[in-house]
Amino acid sequence: MSGQDKLGSAWIRGLKTILVLSVIFSLWEFVSRAEMVNPFLFPPPTQVFTDTLTAFTNPPYRSGEGLLFQIGKSVYRSITGWTIGVIAGVLFGIVAEWWNKPGSVAISVLEFLRPIPVILFLPVLVLIVGIGDLSRIIVIAWASFIFVSINTIFGVRTAKQSLLPDVVRSFGGSETLVLRQAVFGLAVPQIVAGARQAVGIALVLMVASELILSTDGIGWFILFMRRSLFPAQMYGAILIVGILGLIFGALFQRLEKRILRPYIR
Amino acid sequence: MTDERLASPAIHLTGVTKTYDRRGDDEVLTIMEGLDLSFHSGELVTIVGPSGCGKSTILKLIGGLVPLSGGSISFEPSSPNPRIGFVFQDYANALAPWKTVQRNVEFGLEIEGVASKSERADAAARYIEMVGLNGFEDAYPRELSGGMQQRVQLARVLAYEPDVLLMDEPFGSLDAQTRRDLQQELRKILDSLHRTVLFVTHDIEESLYLGDRTVVLSHRPARILADFERSDQTSIFEDFVSSDSFRKRFHEVWDLLRSGPDDA
């Protein structure tokens, strides 16, 4: 298939998606306006849209900062947590798998901690570091770290089969150079796969971590709107989470394409 | 540049022993025991032998990639760190897939710490030209054929300007036609460089055609079965392999290798 066709089919797919979405929203609008459901609990999309837009800067009753601020908080937490987790995961994965003897102990410890649902750490973290950004960032970073480190370890295992480490040594390179110039580069496709999984989990944990013991963030906003009986704003914020997911996904895909280009034929 | 440098060193293996502990059982695998072998300065020596006979191990020992179990390896004039260039058979696994041809060829210089970008680029350009890869500087290894990938590896090692060149069955995984082309080009390139080159192969024809000298090794533990000087000076492949001296040698080596124990 030529690039032109690909572009064309992407456009058609986009149009179809918009069409389906408009049908869904029209039905919702109609059902709500016709009072086939309780319009207070299921406000029509037009109202969801206008109320949510207003909430960006003018949040309803006693909800503190506007929705824009809450989105900013959440995005900041997820991106910071993800970045820390990815960097730490790559460093740990490479070092622990390359120096196998001490590394295998560290990997066993990781295997033990891995199955514990990350969100369970949150109440403990809140006790230790408080209710602010740090506890959420740590949770997101930890989950990203798990995914990235495990994938990096597999990447390093493939690197061990390669001759490139020997090539670096034969040119007189130190073991640090072997890691930097051979092992890391060879592990990149696996690292990227781990980072991609981490994007998904970071988004989920961004919202989930704000549902527990929190005072801000979009997750908190959704919860607060439900409790304060502002369903339109609640639906709006939920849709925004979905849109954030799409944006994160698209941004990562662009990055991924650039990084992986040499590796894929 | 290369021609003005000091002569490439001679290499002496004295009583070299290499054993591996087989994983799982107590058996010790003896690859070679008390092997004495010398390579003269600027000589292209081909080493031929059955697979698993330890010919690749000789290169790895000289290159310092695996430790000696006994004996010693020395260079003359003596140097603690001679510049060694390795060319591996498995080119796809020996190149950096994320680097372009240009950057792969610069790799040795980069590892060595040649900071100047233009200096690296100049060296790379010269050897990319020499191996006939001009126009492919920005391609990635995966976009190239096997023969071209092996040319990248060759350019990379030449750009490093090694004192000693160790080639481990470099053409073993290429098709016959590509192998011929590369053999002829390699001879031409090496004739102008005057480096000490050890070239391991299990292809008798290749070993006789390329070598100034050919060492025939036995099945492990490796012993020297024969040690020939080149029989005919022509570098034209067709002429070389149709000469009587070549055919005589070919049979001789064939018989030597066939008569060895074969438990492979």
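A few points about this structure:
- D_trans [Stokes-Einstein, Kirkwood Rh over alpha-carbon pairs] for the protein assembly as shown, 4 °C, 1.567 mPa s, µm² s⁻¹: 46 µm²/s
- Most mobile of B:Asp203, B:Asp26, B:Asp232 in a GNM of chain B (Cα contacts under 10 Å): B:Asp26
- Candidates A:Ala88, A:Ile128, A:Pro102 compared by Cα position along the dipole of the stretch A:44-260: farthest toward the positive end lies A:Pro102, with charges placed on Cβ.
- When B:Thr214, B:Thr100 are arranged by Cβ crowding within 10 Å, least crowded first, meaning fewest neighbours, the order is B:Thr100, B:Thr214.
- A simple charge model with +1 on the Cβ of Lys and Arg, -1 on the Cβ of Asp and Glu and nothing else charged puts the dipole of the protein assembly as shown at about 2400 debye relative to its Cα centre.
- Qualifying trypsin sites (Lys or Arg not before Pro) in the stretch B:19-121, where qualification requires a DSSP coil assignment and no more than 16 other C-beta atoms within 10 Å, comprise B:Arg22, B:Arg23.
- Among A:Asn151, A:Asn38, A:Asn58, the largest mean-square fluctuation in a Gaussian network model of chain A (Cα springs under 10 Å) belongs to A:Asn38.
- Shape of the stretch A:196-237 from the C-alpha gyration tensor: oblate (a/c of 1.5 or more and a/b not above b/c, with a ≥ b ≥ c the square roots of its eigenvalues).
- Global geometry of the stretch B:1-109, whether rounded, prolate or oblate, following the gyration tensor of its Cα atoms and the 1.5 cut on a/c: oblate
- Principal-axis tilt of helix A:100-113 within chain A, Cα atoms, nearest 10 degrees: 20 degrees
- Helix axis angle, A:133-161 relative to chain A longest principal axis, alpha carbon, degrees: 40 degrees
- Percent of C-alpha pairs per 10 Å bin, chain B, short to long: 7, 29, 35, 23, 6, 0
- Near the amide H of B:Ala226, within less than 5 Å, lie the amide hydrogens of B:Val216, all on another chain or at least 5 residues away, with H placed in the peptide plane.
- Under 5 Å from the amide H of B:Ala139 lie the amide H atoms of B:Val101, B:Gln102, each residue being 5 or more positions distant or on a separate chain, with H modelled from the backbone and absent for Pro and chain starts.
- Cα shape, chain A, gyration tensor, a/c 1.5 rule: oblate
- Within the listed set A:Arg33, A:Arg226, A:Arg196, the Gaussian network model of chain A (springs between alpha-carbon atoms below 10 Å) gives the highest mean-square fluctuation for A:Arg33.
- Near-label residues of the stretch A:219-248 by backbone N, under 16 Å of a point 7 Å along Cα→Cβ of A:Asn58: A:233
- Residue among A:Thr152, A:Gly72, A:Met234 farthest towards the positive dipole end of the stretch A:44-260, charges placed on Cβ: A:Thr152
- Our helix-only sum for the protein assembly as shown, with -39,500 (n - 2.57) per DSSP H run of n ≥ 4 divided by its residues, gives a mean residue ellipticity at 222 nm of -19000 deg cm²/dmol.
- Cα-based helix-to-principal-axis angle, A:184-210 vs chain A, degrees rounded to 10: 30 degrees
- DSSP-defined beta bridges in chain B - what % are antiparallel, rounded to 5: 50 percent
- DSSP bridge analysis restricted to the protein assembly as shown gives an antiparallel fraction near 50%, rounded to the nearest 5.
- Here is the P(r) of the stretch A:1-42: all C-alpha pair distances, binned every 10 Å from 0, give 28, 27, 20, 15, 10, 0 in whole percents.
Computed from the coordinates by the stated procedures, all read-outs in this text should not be read as laboratory data. The structure displayed is predicted, hence computed values, not measured ones. We place every Cβ from the backbone using ideal geometry, glycine too, and count neighbours over all the protein chains shown.
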